[in-house]
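K.L.:
Below is the structure I would like to discuss, written out as structure tokens.
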Amino acid sequence: MESKDGPYLLPANAAVLALGNSARDTFEMLYAAGVPMEPKPLAVGVRIEHRQADIDLAQYKALAGHPRLPASSYKLSCHLDNGRGVFSFCVCPGGTVVAAASEEKRVVTNGMSRYARNGENCNGGLLVGVTPVDFPGSGPLAGIAFQRALEEAAYTAGGGGFTAPAQRVEDFLLRRPSAGPGRVQPTYRPGVRWMNLWDVLPEFLCASLAQALPVLDRKVRGYAAPDAVLTAVETRSSCPLRILRGEDGQSALRGLWPCGEGAGYAGGIMSAAADGLKTARHIIQSFQ
């Protein structure tokens with residue numbers, strides 16, 4: 001443990017390891033200490049932004065704009081003939097795309113909505129499923145290396161200062177660089193740099209997004225609108241590794257209880273909370 005006075009020992013019979021999915025320094029420390037773990041699939045991609053009014057129109061039709069209706073959302077997915085899944089994630093009605101990097105010289109995007117959800121745009125993750133086969137090298141930390149490579153490429157393409165690379169959907173589908181925004185003004189701060197994302201992201205990732213956009217547009221009309229904005233890169237949808245545990249919930253390092261999203265056993269707030277309850281029950285049973 002660490003305090004303002006330096007490290008200290010805190011004896012415990014049970015230590016719950018409830019990490020966030022970006023706790024890379026802790027993952028590396030645990031791996032070096034011999035805690036068993038393995039790589040696992042995750043999803044990476046971009047943030048896509050639309051005008052909220054356009055999403056409302058697609059979802060509410062003639063009732064769009066009714067004062068008693070909230071800002072609309074969506075939940076989309078498709079399976080492509082290349083074997084990959086593409087899906088929306090963490091949709092933020094009336095929200096903004098936010099900078100979420102946790103390391104220097106790496107760009108990471110995320111999204112948020114304020115309580116009123118009254119912003120001009122709606123944004124959501126547009127993600128492609130990847131597996132350990134896609135990771136460089138092997139071993140439990142290979143997924144982190146994969147994430148970092150994407151984040152470093154986005155930072156370099158953005159020109160530094162955490163500016164993010166961006167492209168209009170029409171240009172993305174035509175594989176040509178964007179010169180600026182259309183009807184949709186990007187909300188990411190400190191700002192975006194317009195370019196061709198095919199020059200930034202891996203070919204398989206861009207090809208999957210390009211194939212999925214028209215498919216998802218048939219589910220929510222206007223999803224692949226020419227002026228919709230893609231901002232790269234989103235890499236932190238889930239943890240790229242799993243800290244192994246037995247049927248009793250414990251790691252092979254006895255007394256250590258991996259739990260939640262960062263340990264590789266959940267994919268969001270609710271599932272992490274449910275895994276916390278499951279872990280608590282295991283700990284109670286171990287003392288009975």
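K.L.:
What is the one condition in (1) assigned to a loop (DSSP other than H, G, I, E, B); (2) touching a residue at least 40 places away in the same chain (Cβ under 8 Å); (3) among the small types (G, A, S) that A179 does not satisfy?
P.N.:
(2)
K.L.:
Could you list, in sequence order, all residues of segment 52-89 that are open to solvent by 60 Å² or more (accessible area, probe 1.4 Å) and in contact with a strand residue (DSSP E or B) (Cβ under 8 Å, 6 or more places away or on another chain)? Don't jump to the end; show me each part of the working.
P.N.:
Going residue by residue through segment 52-89, those that are open to solvent by 60 Å² or more (accessible area, probe 1.4 Å) are 57, 59, 61-63, 65-70, 75, 77, 79, 81-83, 87.
If the condition is that a residue be open to solvent by 60 Å² or more (accessible area, probe 1.4 Å) and in contact with a strand residue (DSSP E or B) (Cβ under 8 Å, 6 or more places away or on another chain), then K75, S77, H79, F87 are the ones that fit.
K.L.:
Sticking with this one: State whether one or more residues within segment 199-209 are more than 30 Å from D25 (Cα to Cα), among the small types (G, A, S) and at pLDDT 95 or above. Before the answer, list the steps.
P.N.:
Of the residues in segment 199-209, the ones more than 30 Å from D25 (Cα to Cα) are 207-209.
Imposing the further condition that a residue be among the small types (G, A, S) reduces the set to 207-208.
With the extra rule that they be at pLDDT 95 or above, the set shrinks to 207-208.
Looking through segment 199-209, at least one residue is more than 30 Å from D25 (Cα to Cα), among the small types (G, A, S) and at pLDDT 95 or above.
K.L.:
Farther than 18 Å from G125 by Cβ and in a helix (DSSP H, G or I): is that true of E151 in this structure?
P.N.:
Numbers: farther than 18 Å from G125 by Cβ: no; in a helix (DSSP H, G or I): yes.
It is false that E151 is farther than 18 Å from G125 by Cβ and in a helix (DSSP H, G or I).
K.L.:
Also, I was wondering about something else. Provide a single number: the residues in segment 60-76 that are in a helix (DSSP H, G or I) and of a type in the set (A, V, I, L, M). Step through it out loud before you land on a result.
P.N.:
First, the residues of segment 60-76 that are in a helix (DSSP H, G or I): 60-63.
Add one more test, that the residue is of a type in the set (A, V, I, L, M), and what stays is 62-63.
Number satisfying all stated conditions: 2.
K.L.:
For segment 249-288, enumerate the residues that are among the acidic types (D, E) and either at positive phi or modelled with pLDDT of 95 or more (or both).
P.N.:
D275
K.L.:
Give A154, A142, A164, A179 a once-over and let me know the one that is open to solvent by 30 Å² or more (accessible area, probe 1.4 Å), of a type in the set (A, V, I, L, M) and in contact with a strand residue (DSSP E or B) (Cβ under 9 Å, 6 or more places away or on another chain).
P.N.:
Values: A154 fails: open to solvent by 30 Å² or more (accessible area, probe 1.4 Å); A142 fails: open to solvent by 30 Å² or more (accessible area, probe 1.4 Å); A164 fails: open to solvent by 30 Å² or more (accessible area, probe 1.4 Å).
Within the list A154, A142, A164, A179, the selection yields A179.
K.L.:
I'm trying to understand the selection: among the residues of segment 223-235, which are in a loop (DSSP other than H, G, I, E, B) and either crowded, with 24+ Cβ neighbours inside 10 Å or modelled with pLDDT under 95 (or both)?
P.N.:
Initially, segment 223-235 is screened for residues in a loop (DSSP other than H, G, I, E, B), giving 223-228, 235.
Within segment 223-235, Y223, A228, T235 qualify.
K.L.:
Related question: Among the strands (runs of 3 or more DSSP E) lying completely within segment 12-52, list those that include at least 2 residues that are β-branched (V, I, T). Write out each step before concluding.
P.N.:
On the way: elements: 15-17, 37-39, 42-51.
Filter on segment 12-52 gives 42-51.
K.L.:
Can you tell me which condition A263 does not meet? The list is (1) of a type in the set (A, V, I, L, M, F, W, C); (2) touching a strand residue (DSSP E or B) at 6+ places or on another chain (Cβ under 7 Å); (3) exposed (fewer than 12 other Cβ atoms within 10 Å of the Cβ), and all the others hold.
P.N.:
(3)
K.L.:
For G137, only one of the following conditions fails: (1) farther than 28 Å from P36 by Cα; (2) surrounded by fewer than 13 Cβ atoms within 10 Å (Cβ to Cβ). What is its number?
P.N.:
The one condition G137 does not meet is (1).
K.L.:
Take the conditions surrounded by 15 or more Cβ atoms within 10 Å (Cβ to Cβ), in contact with a Ser or Thr (Cβ under 9 Å, 6 or more places away or on another chain) and assigned to a helix (DSSP H, G or I) and apply them to Y188. Does it pass? Spell out how you get there, then give the answer.
P.N.:
Details: surrounded by 15 or more Cβ atoms within 10 Å (Cβ to Cβ): yes; in contact with a Ser or Thr (Cβ under 9 Å, 6 or more places away or on another chain): yes; assigned to a helix (DSSP H, G or I): no.
Taking the combined requirement at face value, the residue does not satisfy it.
K.L.:
I'd like the full set of residues that are closer than 19 Å to S238 by Cβ and open to solvent by 10 Å² or more (accessible area, probe 1.4 Å), limited to segment 93-116.
P.N.:
V98, A100, A101, S102, E103, R106, N110, G111, M112
K.L.:
How many of the residues making up segment 162-195 are within 21 Å of the chain's Cα centre (by Cα) and either aliphatic (A, V, I, L, M) or under 30 Å from D81 (Cα atoms) (or both)?
P.N.:
From segment 162-195, those within 21 Å of the chain's Cα centre (by Cα) are 162-169, 172, 186-193; that's our starting set.
With either aliphatic (A, V, I, L, M) or under 30 Å from D81 (Cα atoms) (or both) added as a condition, the list becomes 164-169, 172, 192.
Residues meeting the conditions: 8.
K.L.:
Sort out which residues of segment 104-148 are in a loop (DSSP other than H, G, I, E, B) and under 24 Å from G222 (Cβ atoms), and write them in order of number. Break it down stepwise before answering.
P.N.:
Taking segment 104-148 first, the residues in a loop (DSSP other than H, G, I, E, B) are 104-108, 113-120, 131, 135-141.
Correct list: S113, R114, A116, R117, N118, G119, E120.
K.L.:
Among the numbered conditions (1) over 16 Å from T26 (Cβ atoms); (2) surrounded by 22 or more Cβ atoms within 10 Å (Cβ to Cβ); (3) not basic (K, R), tell me where I243 comes up short.
P.N.:
Only one criterion in (1) over 16 Å from T26 (Cβ atoms); (2) surrounded by 22 or more Cβ atoms within 10 Å (Cβ to Cβ); (3) not basic (K, R) is unmet by I243, namely (1).
The values are calculated or read from the model by the stated rules, or taken from the named source; none is laboratory data. Predicted, not measured: the structure shown is a model, and the values here were computed from it. FYI the Cβ positions are ideal-geometry reconstructions off the backbone, even for glycines, and counts take in every protein chain you see. Protein only, heavy atoms only, side chains kept; ligands, DNA and RNA dropped before computing areas. Shrake-Rupley method; radii C 1.70, N 1.55, O 1.52, S 1.80 Å.
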